Structure formats: C-alpha cells, structure tokens
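Asker: Please read through the structure below; I'll follow up with questions.
All of the numbers you see were taken from the coordinates with simple rules; none came from a lab. Not measured: the values here are computed from a predicted model. Neighbour counts run over all protein chains shown; Cβ positions are idealised from the backbone, glycine included.
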Amino acid sequence: MLDDGLIGIFIFVLLAALVAVKQVATGRILDKPEGSLLVQLVNVFNLLFLLIPIEEDRLLSAYQESYAAYQRATKRLVPFVY
C-alpha cells in the first residue's frame, strides 16, 4: 500500500489539476475566484463526489472498525440527510 504522505501529495496534485482544468475550460485563469453557477457547481461536485470518498477511504484504512462504526452512526455533510 502507498504511504500516507504519498497519498496526500497525490490528492494535492489532483486538486491542483482539477482547478487548472476548470480555469482553462472557463477562460478565467487570471480572474478573481468568483464564477458562474456552472463553475461553482463544478467545485461542489469535486468536493462531494471526488474528495469525500477518497478521504473516507483513508480514514477507514487508518481507523478501521472504529471509523466504520462512526460512519454508520453519522451522516457526511447534512444531518439526517447525507
């Protein structure tokens, strides 16, 4: 298995690549970090569906059964919903 430090670097590079692709695709490389609804939805998508599962897998491998019990008892972001 990969070292935690190496996985952290990989996640950082992945995030940087996602931001770069988004900036190039929208033509907003030098603009302030504000954007259209589409750009904001891409950021939310990146957080919810790409980063949270990666982080949960890392926590599950580090804390095993205690984190699995925590996952069953709590929701991810919105209480009682998700």
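Asker: Mind listing the phi-derived Karplus ³J(HN,Hα) values for segment 57-65, rounded to whole Hz, using 6.51, -1.76 and 1.60 with θ = phi - 60°, and x for any glycine or proline?
Answerer: Couplings: 4, 5, 5, 5, 6, 7, 10, 6, 5 Hz.
Asker: What are the ³J(HN,Hα) values, in whole Hz, obtained from phi via the Karplus relation 6.51 cos²θ - 1.76 cosθ + 1.60 with θ = phi - 60°, for each residue of segment 38-51 in sequence order, with x given for Gly and Pro?
Answerer: Listing the rounded values in order: 4, 5, 5, 5, 5, 4, 5, 4, 4, 5, 5, 9, 10, 7 Hz.
Asker: Please give the length that would be gained between A68 and L15 if that part of the chain were fully extended, namely 0.36 nm times their separation in residues minus their C-alpha to C-alpha distance (nm, one decimal).
Answerer: Length gained between A68 and L15: 16.5 nm.
Asker: A follow-up question, please. Apply the Debye scattering formula to segment 4-73, with a single equal point scatterer on each alpha-carbon and no solvent, then give log10 I(q)/I(0) at q = 0.29 Å⁻¹.
Answerer: After summing over all Cα pairs, the log10 values are -1.28.
Asker: Grab the beta carbon distance between S61 and Q40, set R0 = 25 Å, and tell me the FRET efficiency rounded to 0.05.
Answerer: Efficiency computed from Cβ-Cβ geometry: 0.20.
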